[in-house]
Amino acid sequence: MAEEDPCWLANEGDDESETARKELIELLLTPGAIATSVQPIVDYHTTPPTHWGVECLTHGPRGSVFADAEVLFRTTRVARLEAEVDRVCVAMALHSMRRIALPSRIFLNVHPSTLSRDAWFPAYLREVAERWRIGVERLTVEIVEHDRQTLTGRVLRAVNALREIGVSVALDDCATDLAHDPMLVAVRPEFVKIAKHVIWGARHSNAGFRRLERLVDSTSALTTLIAEGIETATDLEMVRSLGISLVQGFFVGRPVAISALHSER
């Protein structure tokens, strides 16, 4: 298989007739249709702040309905093709990152349903990383918020398998404290990303700030927190006052297409 085909291990979708499935399968089988951008995660514990990691963000071809990532992944869930789409997105992200001379941690978004349905996903992730010579210890699987309330034994087995190969785990869009998030309790992720709307609420009201304080108090001793949605200097000052040093958002760095980064590995 030529190097230019990063989706060499991706599963094919089934042959059902729904329009959403047909469109997605056609997209998955089109070389180069899936594009990856990266948004930096910055560590303010150091002076000066350092580039600590990146989150890989995926969208479809520009000019198509799937250029909007929300549409792409909403259609993915409706069509029940989460595992197939997640595999392609991971392959494209790591294929793209192989040329970027950044020693940072790489966050990859994955649906809980993928971990539940695709027993071979951890092995697939390791094989793709090895193909593109990216150390698995740099990888973090970021479990997205959709259907996260459905915690299954298969999800926990997948999480354990990821850790066994050296991949860490993060929970995306955390908005509740430890006592009210069953996956947070069961998975005990290495990283928890605080949801953007929690930061927005803390910025705009005392009640919102108290909610953020409770979340930080209940989780900071168990995991490393990352504040998403940092859009202003006030946001940054607020989360740093609560002891959060890892931040992500437009104030510290907007998403950038990997094709725009010219640094070579």
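The values are calculated or read from the model by the stated rules, or taken from the named source; none is laboratory data. All figures in this text were calculated on a predicted structure; none of them were measured in a lab. In this analysis, Cβ positions are derived from the backbone assuming ideal geometry, glycine residues included, and neighbour counts consider all displayed protein chains.
In table form, for the structure just shown:
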read-out	value
The range 210-224: number of residues that are among the small types (Gly, Ala, Ser) and assigned to a helix (DSSP H, G or I)	1
Criterion: hydrophobic (A, V, I, L, M, F, W, C) and at pLDDT below 95 - qualifying residue of 225, 184	184
Residue 188 being basic (Lys, Arg), under 17 Å from residue 142 (Cβ atoms) and without any contact (Cβ under 8 Å) to a residue 60 or more places away in the chain	yes
Matching option when the condition is touching a residue at least 12 places away in the same chain (Cβ under 8 Å) and closer than 18 Å to residue 105 by Cα, among 125, 151	125
Test for residue 194: is it touching a residue at least 60 places away in the same chain (Cβ under 8 Å) and of a type in the set (Val, Ile, Thr)	no
Residue match in the range 45-52 (condition: under 30 Å from residue 245 (Cα atoms), within 18 Å of the chain's Cα centre (by Cα), touching a residue at least 24 places away in the same chain (Cβ under 8 Å) and not in a helix (DSSP H, G or I))	yes
Subset of the range 179-195 that is outside any strand (DSSP E or B) and surrounded by 18 or more Cβ atoms within 10 Å (Cβ to Cβ) - its residue that is farthest from the chain's Cα centre (by Cα)	181
Checklist (1) of a type in the set (Phe, Trp, Tyr); (2) closer than 24 Å to residue 242 by Cβ; (3) surrounded by 17 or more Cβ atoms within 10 Å (Cβ to Cβ) applied to residue 132, failing item	(2)
Residue identified as small (Gly, Ala, Ser), under 22 Å from residue 190 (Cα atoms) and over 17 Å from the mean Cα position of the chain (by Cα) among 161, 79, 93	161
Single match in 166, 208, 253, 243 (criterion: under 27 Å from residue 119 (Cα atoms) and surrounded by fewer than 18 Cβ atoms within 10 Å (Cβ to Cβ))	166
The range 58-67: number of residues that are surrounded by 13 or more Cβ atoms within 10 Å (Cβ to Cβ) and outside any helix (DSSP H, G or I)	5
Residues satisfying the stated conditions in the range 156-178, i.e. part of a helix (DSSP H, G or I) and not charged (D, E, K, R)	156, 158, 159, 160, 161, 162, 178
Subset of the range 86-108 that is over 12 Å from residue 121 (Cβ atoms) and of a type in the set (Val, Ile, Thr) - its residue that is modelled with the lowest pLDDT	100
The range 74-123: number of residues that are in contact with a strand residue (DSSP E or B) (Cβ under 8 Å, 6 or more places away or on another chain) and either assigned to a helix (DSSP H, G or I) or more than 25 Å from residue 224 (Cβ to Cβ) (or both)	11
